Every structure is written in C-alpha cells, then in structure tokens.
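Q: Take a look at this one; I'll ask things after.
The values are calculated or read from the model by the stated rules, or taken from the named source; none is laboratory data. All of these numbers come straight from a predicted model, not from anything done at the bench. Cβ: placed from backbone, ideal geometry, glycine included. Neighbour counts: every protein chain shown. In case anyone asks, the SASA skips ligands and DNA or RNA and just uses the protein heavy atoms, side chains included. Shrake-Rupley method; radii C 1.70, N 1.55, O 1.52, S 1.80 Å.
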Amino acid sequence: MATSYDYAPLFRSTVGFDRVFNLLENAQRARSISDWPPYDIVKTGDDSYRISIAVAGFAQADLDVTFQSNLLTVTGKKQETANDGYLHRGIAGRPFEHRFELADHVRVNGADLQNGLLSIDLVREIPEALKPRRIDIQTNPAVTQKTAPVQIEAQKAA
C-alpha cells in the first residue's frame with residue numbers, strides 16, 4: 001500500500017523550498033521502481049559518502065556511472081550469453097538502473113568495482129562564499145554619545 005502526502009499546507013508557510021518538495025514527491029514515485037540490485041549508502045566522514053551496489057556477475061564494461069546536474073545514474077546491462085548448459089540460473093543478470101538525487105555541492109569523487117561491489121565515493125564541497133562567516137558587530141560612536149538637542153533659533157526681528 002503506497003501512502004502519498006499532500007505538501008500543499010507547507011507551501012503556504014515556506015518560501016524557496018520548492019526543490020525540497022519536488023525531491024520528496026519524486027522519491028515517493030521512485031519507490032515503485034525495483035530496488036534491485038541492493039545497495040547501501042554510508043556516511044564515511046563529515047562531508048563524504050559512499051554508495052555501494054551489489055553487482056555480482058557484472059563486468060566493468062557492463063556498468064555505466066553518469067553524473068549530470070545533481071543526478072547520479074548507475075546502469076548495468078550484461079552482454080547476452082548463451083543459455084546452453086544451465087541446469088539452474090540463479091544469479092540475476094537483468095538490466096538495472098538506479099538514480100540518486102544528490103544535494104547541491106556534492107560531487108562524485110570516484111568509482112571502484114571490487115569483489116562484485118561497485119563503490120561510488122561522493123564528497124560535499126561547499127564553496128567559501130556559502131560557508132558561514134562571523135560578522136563583527138560594531139558600535140557607532142556618534143549614536144552612543146549623548147548630545148544636547150539642537151535648538152533652532154528663530155530670526156529676531158530687528
């Protein structure tokens with residue numbers, strides 16, 4: 001049973017979070033897509049992550065990893081092999097596609113295929129302009145000193 005959420009009430013009280021709501025809605029739709037092959041997402045440091053996908057039976061040439069505008073796509077398609085001689089075929093080799101929506105400033109650092117696991121390393125690099133910075137609070141000496149109110153003298157009639 002799929003549960004859908006209505007984000008309309010949140011639109012009334014938030015500004016600039018449209019992309020977040022779109023990501024949530026897309027994630028709900030994507031849940032219906034197969035989760036095969038299984039994968040893990042691990043936080044390996046403060047600003048680093050690793051996605052590990054179990055791709056047993058796939059060679060490096062059978063896999064494709066692409067990154068474009070915050071979307072990481074991993075696809076696998078095995079070369080056709082003859083079915084001759086199989087009494088039981090239990091190792092799945094069907095084509096797959098996984099899509100991962102990455103946050104801003106997250107980039108792919110590299111990918112590695114070892115022992116049937118495809119590991120994709122990600123790192124978040126926040127530009128200096130977007131990092132928090134301390135703002136010094138200054139006092140204005142003209143405002144803090146009490147001065148006598150200036151009175152305007154009317155011209156004296158001569």
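Q: Measuring with a 1.4 Å probe in the full set of protein chains, what accessible area per residue, in whole Å², belongs to the stretch 50-95?
A: Value returned for the stretch 50-95: 71 Å² of accessible area per residue.
Q: In the full protein assembly as shown, how much of Leu117 is accessible to a 1.4 Å probe, in Å² to the nearest 10?
A: Looks like 80 Å² after rounding.
Q: How large a share of the accessible area of the stretch 7-106, in percent, is made up of carbon and sulfur atoms when the probe is 1.4 Å and the other protein chains stay in place?
A: Here it works out to 52 percent.
Q: Ordering Glu97, Glu80, Glu25 by how much accessible area each has at a 1.4 Å probe, largest first, what is the list?
A: Result of the area sort, largest leading: Glu80, Glu97, Glu25.
Q: Set the Förster distance to 25 Å, then compute FRET efficiency between Ala54 and Arg19 from the Cβ-Cβ distance, nearest 0.05.
A: Details: r = 31 Å, r/R0 = 1.22.
Using R0 = 25 Å, I get an efficiency of 0.25.
Q: Quote the accessible area belonging to Thr75 in square angstrom, nearest 10, computed with a 1.4 Å probe and with ligands, DNA and RNA left uncounted.
A: Probe radius 1.4 Å; accessible area of Thr75 about 40 Å².
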